1. Within region 10-28, count every residue that is more than 16 Å from L66 (Cβ to Cβ), loosely packed, with under 14 Cβ neighbours inside 10 Å and of a type in the set (D, E).
2. Could you check T85 against (1) among the β-branched types (V, I, T); (2) under 21 Å from V142 (Cα atoms); (3) touching a residue at least 24 places away in the same chain (Cβ under 8 Å) and say which number it fails?
3. If a residue must be over 17 Å from I25 (Cβ atoms) and open to solvent by 50 Å² or more (accessible area, probe 1.4 Å), how many such residues does region 129-151 contain?
4. Looking at this structure, is L109 more than 13 Å from L68 (Cα to Cα) and either among the hydrophobic types (A, V, I, L, M, F, W, C) or in contact (Cβ under 8 Å) with a residue 40 or more places away in the chain (or both)?
5. Give region 1-49 a look and list any residue that's within 18 Å of the chain's Cα centre (by Cα), not in a helix (DSSP H, G or I) and not hydroxyl-bearing (S, T, Y), or say none.
6. Hey, could you check region 91-100 for residues that are within 13 Å of the chain's Cα centre (by Cα) and not charged (D, E, K, R) and say which is surrounded by the fewest Cβ atoms within 10 Å (Cβ to Cβ)?
7. Residues that are of a type in the set (S, T, N, Q): list the strands (runs of 3 or more DSSP E) wholly contained in region 73-151 that include at least 3 such residues.
Amino acid sequence: MSVTVNGLDELKKLAGSDLGTSEWIEVTQERIDTFADATGDHQWIHVDPERAKEGPFGTPIAHGYLTLSLFIPLFTELLDVRGVTTKVNYGLNKVRFPAPVKVGSRIRLAARLASVDEVPGGAQIAVDGTMEIDGGGKPAAVLQSLSRFYA
């Protein structure tokens, strides 16, 4: 379920709030292959199912940066900031990939709005995110993402 705020003043009131979890999405071999083509990273552990069967995970795994790139579409399910003119990714404070995402796995985002700080012309948010694996003991990614919203 998405939280909708109208403007930066309402956004500031959400600082420290749990934003919930997104819907699950499946990480298919097609998605992995498309990411490999887009980035030029065709390491066998991602794109060669036959060879990956003999690898350490028994199947292909998603690129860590593919998992990370899914943060934005999953995050947009959780928070909708209206009344701003521009929304930009500003960076990351920390990212870790505790567990691999095996092909066919489902992942989702659990997020908390850690902080909202004023910047010239707008606000910067820090979001603590955990990319969960359906049925997994460890998360696929743990991160803090920074975004800016300009009025």
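1. Number satisfying all stated conditions: 2.
2. Going through the list (1) among the β-branched types (V, I, T); (2) under 21 Å from V142 (Cα atoms); (3) touching a residue at least 24 places away in the same chain (Cβ under 8 Å), T85 breaks only (2).
3. Selection size over region 129-151: 5.
4. no
5. Of everything in region 1-49, those that are within 18 Å of the chain's Cα centre (by Cα), not in a helix (DSSP H, G or I) and not hydroxyl-bearing (S, T, Y) turn out to be M1, V3, D18, L19, G20, E23, W24, I25, E26, V27.
6. G91
7. Qualifying strands (runs of 3 or more DSSP E): 86-96, 141-150.
Conditions tested, residue by residue: (1) closer than 30 Å to K53 by Cα; (2) at pLDDT below 95; (3) not basic (K, R).
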| site | (1), (2), (3) |
| --- | --- |
| K94 | no, yes, no |
| F97 | yes, no, yes |
| K102 | yes, no, no |
| R106 | yes, no, no |
| V116 | no, no, yes |
| P120 | no, no, yes |
| D134 | yes, no, yes |
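The values are calculated or read from the model by the stated rules, or taken from the named source; none is laboratory data. In this text the structure is predicted, and so the values were computed from the model without any measurement. Note that we place each Cβ from the backbone using ideal geometry, even for glycine, and neighbour counts take in every protein chain shown. In case anyone asks, the SASA skips ligands and DNA or RNA and just uses the protein heavy atoms, side chains included. Shrake-Rupley method; radii C 1.70, N 1.55, O 1.52, S 1.80 Å.
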